[in-house]
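For reference, the structure discussed in these notes is given below.
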Amino acid sequence: GRPLERAELVLPGRPVGAREYEVQSYAGAEEHQRHKTADEERYYMREYTPGDRFRDINWKASSRLSVLLTRVSPHSEKPTTVIQVEIRHYRDSHSPPSLESVLHLEVLRAWVLWFLRSVSANDSSVRFRIHTAEQVLEAGNDEELGHIAEQLATLPYVPAAAAPNRPERSEGEWFVFSTPFDTGLSARQRGRREYLLVTPPGTGGRGGGHAVPLFTGKRVAAMPGAWALRRERGLAPPAAEPGLGLYETLPIVPRVL
């Protein structure tokens, strides 16, 4: 018969060395109430979670299903936390691609996606506003995160001059992801509650970074061009900046197999 085809989106896993993230540690940039209009429905039900009011439990429906169900209305539903995420994929456009530059961007994109998935898995009420050099994306559920993953998969390096002017980060928390190729990272004004997550170059020694393998076998059809042979010289890790926010690094070391 006719050959059947099925396409499935496969998201990258957790980068080596990345940890779990929970939104309970952060306040979020803003909050707004999620609710349906009265024309759509007056309330809906979901499984009981600790903290729900007992008067909101639908005992009749719960007795039939042997599961505690909570009646959620626009007045009883908790607000949605909006987290701002900025991806600084900036690099000098005059320099040719190198092994380090390609791998740092690959790890950065996987790290951002893992952060979104990890936080979302721990709190379903979270929504994300992801800022790139070209656009602002929003996501809150698995389907929308899948769309974000497709956007991140083709996110290239852009010159630092393409960085848009960000509003002052005086309210809420911002999670800013960057690489050592982002020369303008320390030059811009940092917010009081801004969390920096950077992929610095590893030292190669024990405990000096996480090895990222690159397969260079001749049978690998996706083997790239000359950048795999170019190495960066004098690539220095970014200096820790003062501030009240988190400063986290994920050092990586290319490992050619």
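Quick note: the coordinates plus some simple rules give every number you see, no bench work behind them. Everything quoted here is computed from the prediction, not taken from an experiment. Cβ coordinates were reconstructed from backbone atoms using ideal geometry, including for glycine residues, and neighbour counts include every protein chain displayed.
Taking the Cβ-Cβ separation of residue 48 and residue 165 as r and a Förster radius of 35 Å, what is the calculated FRET efficiency to the nearest 0.05? Calculated transfer efficiency: 0.15. Amide H contacts under 5 Å for residue 72: 44, 45, 46, restricted to partners 5 or more places along the chain or on a different chain, H placed in the peptide plane at 1.01 Å from N. Peptides 56-68, 124-136, ordered by how many other C-beta atoms sit within 10 Å of their residues on average, highest first, read 124-136, 56-68.
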